[in-house]
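Since the structure comes first, as structure tokens, the remarks are kept for the end.
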Amino acid sequence: MLNLNSPDSNTNSNSNSLSDPVSLNVGGEIYTTTLDTLTRYQDSMLGAMFTGQISTLRDKRGNVFIDRDGKVFRYILNFLRSSSLDLPEGFSEMRLLRREADFFQIRPLLDEIRRRVEAGPLSLRDAPRGAMLLVDVDCQVRVLHFNLRRAPENYELRTCSVRILTAEIFCTWRAFLVLLCERFSYRTTQGPTSPLPSDQRHNRLKLEWVPRPDELPQDQYEKQQYRGLVVSDSWATEIHSGDLCDVIIPRCSPCEVKDTRGFVEELLTVSLAEGFRVDSVTPDPMDILNCRTLQLVR
């Protein structure tokens, strides 16, 4: 349980109640750090929390509780310690990290994220020669039966067809798979979710999604745990000056990928911009957008 009350009656005593080391519970992840680290940027949200300007909550173990994503918070904390954004190879959560940095209003971290975003295409960075990209796309049509509620005790049996779309991607250049995970995301009831490449050894990415048919109500779509696929230009950003920091906002809203043709079109847009060229198309080389297998080389 969370203790929703400050340990004292005013914010100054709330600040004084904290001492080194400070234990944090961020979305279920436990971190230990110092007040100096947390208050390094006092105009940030963390600075306000740990200088007593904003009261803090505690969990049942006495850890200061922050209801944000705990996994990417480690990179925020490391940045506060070292002023360096050290991300692992193949990091695919830049959008989430950007959102969390925006919430905590840490201007230098937002500037560093912006710098990395503006570094441009992967092809301007270290890239292997002779990279190969292999894509298999498929569409399976299934019949779905569901009950449509007409009244409290009146249900009507309905039937509709759903298309289960898959794309299996192999690339010898793993950083390109990470870029695809930045470009594509699943649309779920919990909000956008980024796909993840397979383990480091196999360099594979599998996408599976189901566009919602018009005749299938949204609640039934969610009941089946279907998810859509959307694409956005994660590298295109605008910088808007706020009261405390610059906020990075995508220029365009995500666009739904409704069929394999649309997916291949987006994939070609990304891959050709990164220096790939089409090597083979199956079954009809003259109809690339409706292909089933696509091979590109760089």
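The values are calculated or read from the model by the stated rules, or taken from the named source; none is laboratory data. Every value quoted in this text rests on a predicted model; they were computed, and no experiment measured them. A quick note on method: Cβ atoms are made from the backbone with ideal geometry, for glycine too, and the neighbour counts reach across all protein chains shown. Areas reflect the complete protein model, heavy atoms only, side chains present, ligands, DNA and RNA absent. Shrake-Rupley method; radii C 1.70, N 1.55, O 1.52, S 1.80 Å.
Calculate the length of the line joining the C-alpha centroid of the stretch 160-177 to that of the stretch 205-224, in whole Å.
17 Å
Under a straight-distance cross-link criterion of Cα-Cα below 30 Å, which lysines are reachable from Lys60, leaving out those fewer than 8 residues away in the same chain?
Lys71
Obtain the nm distance between the two label points defined at Arg158 and Thr282 by a simple spin-label model: each point lies 7 Å from its Cα along the Cα-to-C-beta direction.
Result: 3.9 nm between the two label points.
For a quick check: with amide H placed at 1.01 Å from N, whose amide H comes under 5 Å from Trp173's, ignoring anything fewer than 5 positions away on the same chain?
So Trp173 has HN proximity to Met132.
In debye, nearest 20: dipole of the stretch 21-120 around its Cα centre with unit charges on the Cβ of K, R (+) and D, E (-)?
With Lys and Arg at +1 and Asp and Glu at -1, about 140 debye.
Label Glu265 and Asp20 with points 7 Å out from Cα along Cα→Cβ: what is the distance between them in nm?
5.8 nm
Local charge sum around Phe103 (other residues, Cβ-Cβ under 12 Å, Lys/Arg +1, Asp/Glu -1)?
It works out to a net charge of -1.
Per residue, how many Å² of accessible area does the stretch 21-120 show with a 1.4 Å probe?
Dividing the accessible area of the stretch 21-120 by its residue count gives 46 Å².
Ignoring ligands, DNA and RNA, what percent of the accessible area of the stretch 21-120 is carbon or sulfur (1.4 Å)?
Reported share for carbon and sulfur atoms: 43 percent.
Given 0.36 nm per residue, what is the gain on full extension from Gln53 to Thr34 after removing their alpha carbon distance, in nm?
Full extension from Gln53 to Thr34 adds 5.1 nm.
Treat each spin label as a single point 7 Å out from the Cα along the C-beta direction, and report the Thr172 to Glu222 distance in nm.
It works out to 4.6 nm between the two label points.
Determine the sum of side-chain charges near Cys160: Lys and Arg each +1, Asp and Glu each -1, restricted to other residues whose C-beta is under 12 angstrom from that of Cys160.
Net charge around Cys160: +2.
May I ask you to list the lysines whose Cα is less than 25 Å away from that of Lys223, ignoring any residue fewer than eight positions away on the same chain?
Answer for Lys223, where 25 Å is the Cα cut-off: Lys206, Lys258, listed by chain and number.
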